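What follows is a single structure, written as C-alpha cells, with notes after it.
Every read-out reported here was derived from the displayed coordinates using simple, explicitly stated rules and does not represent laboratory data. No experiment lies behind these values; they were computed from the predicted model shown. As a convention, Cβ positions derive from the backbone with ideal geometry for all residues, glycine included, and neighbour counts pool all protein chains shown.
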Amino acid sequence: MHISAASKKGYFITFEGGEGSGKSTQLKLLSTYFEKSGLPFIATREPGGSENAEKIRSLLVSGAVDSWDPVTETLLFTAARSDHLNRIVKPAITEGKIVICDRFFDSTLVYQGIGKGIGEVYIKSLHNMVFGNFMPDLTVILDIAPEIGLKRADARRGNENRFEQLDIKFHQNIREGFLQIAQNEMERCVVLDATKDTETLHKQIVGIIKEKCGVFL
C-alpha cells in the first residue's frame, strides 16, 4: 500500500457525527489497518490531541451542561484546536503522514454554531481568522438517529457526557447540521449509515479513502 505520488504532503481525514455514532471505534479500526499496511499516520482527537489541548478537553466534555456560556465554550474549543493543530496535526502533515482525527471544525460549527445558537457566520469567521482556509481533505460523517446514538453513548458510562445530557431536540439539530454540511460540501464530505455493523463500515471507509485521498493497495 502506498500514498499516491501526486501529493507530497500528508492527508487530513476527520470523523464527524452525533453522540454514539461510532467515530472512536472506526478511528481505531482504521489505525490498525494503516499500521498493518505500513502507512505513516497518526490518530488524534478533538478537543484534545496535544498535552495542552487535553487539559482544555477536561473542562469541556465533563461537568454540568451549563458550565460555560456558548461564546466561552466556543473560544475554549478554538484554543484547544490551535494548540492541537500547531503541535500535532500540521507537523505530521508536513512530514507526509496521514492524520486521522475524531472531530474537528465541523463539530464546532454544528454543536456551538447551530446547537448552542452562536451562528454559523460567527463560527466560520472565527475559524478563518485563526486558521485561515485550513480544512480536512476528507470528512467521514457517521449518521445515526440521536435516539439510537444516545443509547449507545449511555452504555459507555463514562464521565465525558456533558453534551450527551442536552435534550433530544439539540441532538436532532446536530444531526441535521452535519447532513447540511455534507450537502454543501460534497467534494469533502461523505455520509455513511452508522447503524451498519462496524466491519462493514470499516471496509466502506477504507474504500472511500482509496478513492478520495489517493491511497491505494
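Of all DSSP beta bridges located in region 2-216, what percent are antiparallel, nearest 5?
In region 2-216, DSSP labels about 10 percent of beta bridges as antiparallel.
From the helices alone, meaning DSSP H stretches of at least four residues, give me the mean residue ellipticity at 222 nm for the chain, per-run term -39500 (n - 2.57), in deg cm²/dmol to the nearest 500.
Computed mean residue ellipticity for the chain: -15000 deg cm²/dmol.
For Ile42, which sequence-distant residues (separation of 5 or more, or a different chain) have an amide H within less than 5 Å of its own amide H, given hydrogens modelled in the peptide plane?
Long-range HN contacts for Ile42: Ile98, Val99, Ile100.
Under 5 Å between amide hydrogens, which residues at least 5 positions from Lys116 or on another chain qualify, with H placed 1.01 Å from N in the peptide plane?
It is none; the list stays empty.
What are the extents of the Cα atoms of region 2-216 along their three principal axes, in Å, largest first?
48, 38, 31
In debye, nearest 20: dipole of region 2-216 around its Cα centre with unit charges on the Cβ of K, R (+) and D, E (-)?
Taking the Cα centre of region 2-216 as origin, the dipole is about 580 debye.
Please give, to one decimal in nm, the separation of the simple spin-label points placed at Phe131 and Ala64, each 7 Å out from Cα toward the Cβ.
Roughly 3.0 nm, to one decimal.
Quick one: if you stick a label point 7 Å off each Cα along the C-beta vector at Lys90 and Asn52, how many nm between them?
Placing both labels 7 Å beyond Cα along the Cβ direction yields 1.2 nm.
From Cα coordinates alone, what are the radius of gyration and Dmax values for region 98-138 in angstrom?
That works out to 10.8, 33 Å for Rg and Dmax.
Under the Karplus relation 6.51 cos²θ - 1.76 cosθ + 1.60, θ = phi - 60°, what is the ordered set of whole-Hz ³J(HN,Hα) values for region 58-68, x standing for Gly and Pro?
Each residue's phi maps through the Karplus curve to give 4, 7, 9, 9, 10, x, 6, 4, 9, 4, 10 Hz.
May I ask you to sort Ser50, Ser21, Ser31 by Cβ crowding, counting other Cβ atoms within 10 Å and putting the fewest first?
Ranked by crowding around the Cβ, least crowded first: Ser31, Ser50, Ser21.
If R0 is 35 Å, what FRET efficiency do you get for Lys36 and Glu187 from their C-beta distance, rounded to 0.05?
Step by step, r from the Cβ atoms, then E = 0.75.
Whole-Hz ³J(HN,Hα) for each residue in region 144-152, computed from phi via Karplus 6.51 cos²θ - 1.76 cosθ + 1.60 with θ = phi - 60°, x for glycine and proline: what do you get?
8, 4, x, 4, 6, x, 5, 5, 4
List residues of region 124-145, by number, whose backbone nitrogen lies under 11 Å from a label position 7 Å along Cα→C-beta of Ile208.
What the label zone holds, given the 11 Å backbone N cut-off, is 138-143.
Counting only residues 5 or more places away or on other chains, whose amide H sits under 5 Å from the amide H of Val191 once H atoms are built in the peptide plane?
Ile141
Given +1 on the Cβ of Lys and Arg, -1 on the Cβ of Asp and Glu, and no further charges, what dipole in debye does region 122-195 carry about its Cα centre, rounded to the nearest 20?
240 debye
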